[in-house]
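Asker: Provided herewith is a single structure, encoded as structure tokens, for subsequent inquiry.
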Amino acid sequence: MRNIQLIRNRTNLSFTSMVTLFAVIITAAVAFGHGGKHSGQFTHLQALQKATELFDQLVTKGKLDGNWETDLQNVTLSKRHHKGKEEIVVAFQRATGDPTHVYIFFTTEGKYAGSNFTGE
């Protein structure tokens, strides 16, 4: 009888250990789910993600023809100074067609600042 009780205790301990480990993993994922950054700075990766979403919306809504999606050749990120402020620029380039570039601008805080075909 004592052996059965010992086996149950081990099973309960294993189950408890698994639940605890699962809770730690979930807690860590939530805590570090935002990349672990604390600076509040808008990163180039975040700019690329936001610009890609906007680009997809422009294609879906027909503001950019479907050729932009099928002939997309290159995406570049850079910084520029515009009206005394620094901006992050995401440029989408397609292989054929005119215009060849779409530029999407963000403030360093991550706010959309505009878009155009000239980069100006």
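The values are calculated or read from the model by the stated rules, or taken from the named source; none is laboratory data. Values in this document were obtained by computation on a predicted structure and should not be read as measured data. Because the Cβ atoms are built from the backbone with ideal geometry, glycine has one as well, and the counts that use them run over all protein chains shown.
Asker: Quick check: is even one residue across the range 29-39 more than 18 Å from the chain's Cα centre (by Cα), assigned to a helix (DSSP H, G or I) and either modelled with pLDDT under 95 or surrounded by 15 or more Cβ atoms within 10 Å (Cβ to Cβ) (or both)?
Answerer: Just the residues of the range 29-39 that are more than 18 Å from the chain's Cα centre (by Cα), to begin with: none.
No, the range 29-39 has no match at all.
Asker: Then there is this: Just checking, does the range 70-89 include any residue being over 17 Å from F42 (Cα atoms), modelled with pLDDT under 95 and in a helix (DSSP H, G or I)?
Answerer: Yes, the range 70-89 contains a residue that is over 17 Å from F42 (Cα atoms), modelled with pLDDT under 95 and in a helix (DSSP H, G or I).
Asker: Which of the residues spanning the range 105-120 are over 16 Å from T76 (Cα atoms), exposed (fewer than 14 other Cβ atoms within 10 Å of the Cβ) and out of contact with any strand residue (DSSP E or B) (no Cβ under 7 Å at 6 or more places or on another chain)? Lay out the reasoning, then the answer.
Answerer: Taking the range 105-120 and keeping what is over 16 Å from T76 (Cα atoms), we get 107-114.
From the residues that got through so far, the ones that are exposed (fewer than 14 other Cβ atoms within 10 Å of the Cβ) too are 109, 111-112, 114.
Of everything in the range 105-120, those that are over 16 Å from T76 (Cα atoms), exposed (fewer than 14 other Cβ atoms within 10 Å of the Cβ) and out of contact with any strand residue (DSSP E or B) (no Cβ under 7 Å at 6 or more places or on another chain) turn out to be E109, K111.
Asker: Still on this structure, please answer the following. Give the range 75-102 a look and list any residue that's surrounded by 13 or more Cβ atoms within 10 Å (Cβ to Cβ) and in contact with a Lys or Arg (Cβ under 9 Å, 6 or more places away or on another chain), or say none.
Answerer: E87, I88, V89, V90, T100, H101, V102 - these are the residues of the range 75-102 that are surrounded by 13 or more Cβ atoms within 10 Å (Cβ to Cβ) and in contact with a Lys or Arg (Cβ under 9 Å, 6 or more places away or on another chain).
Asker: Could you look through the range 49-69, keep only residues that are in a loop (DSSP other than H, G, I, E, B) and modelled with pLDDT of 90 or more, and pick out the one that is surrounded by the most Cβ atoms within 10 Å (Cβ to Cβ)? Before the answer, list the steps.
Answerer: Within the range 49-69, the subset in a loop (DSSP other than H, G, I, E, B) is 61-66.
From what's left, modelled with pLDDT of 90 or more: 61-65.
On the way: K61: 8, G62: 8, K63: 11, L64: 20, D65: 13.
Only one residue tops the list, namely L64.
Asker: When you go through Q93, Q46 one by one, which is the residue that is out of contact with any helix residue (DSSP H, G or I) (no Cβ under 7 Å at 6 or more places or on another chain) and either among the hydrophobic types (A, V, I, L, M, F, W, C) or part of a helix (DSSP H, G or I) (or both)?
Answerer: Values: Q93 fails: either among the hydrophobic types (A, V, I, L, M, F, W, C) or part of a helix (DSSP H, G or I) (or both).
Result of the check over Q93, Q46: Q46.
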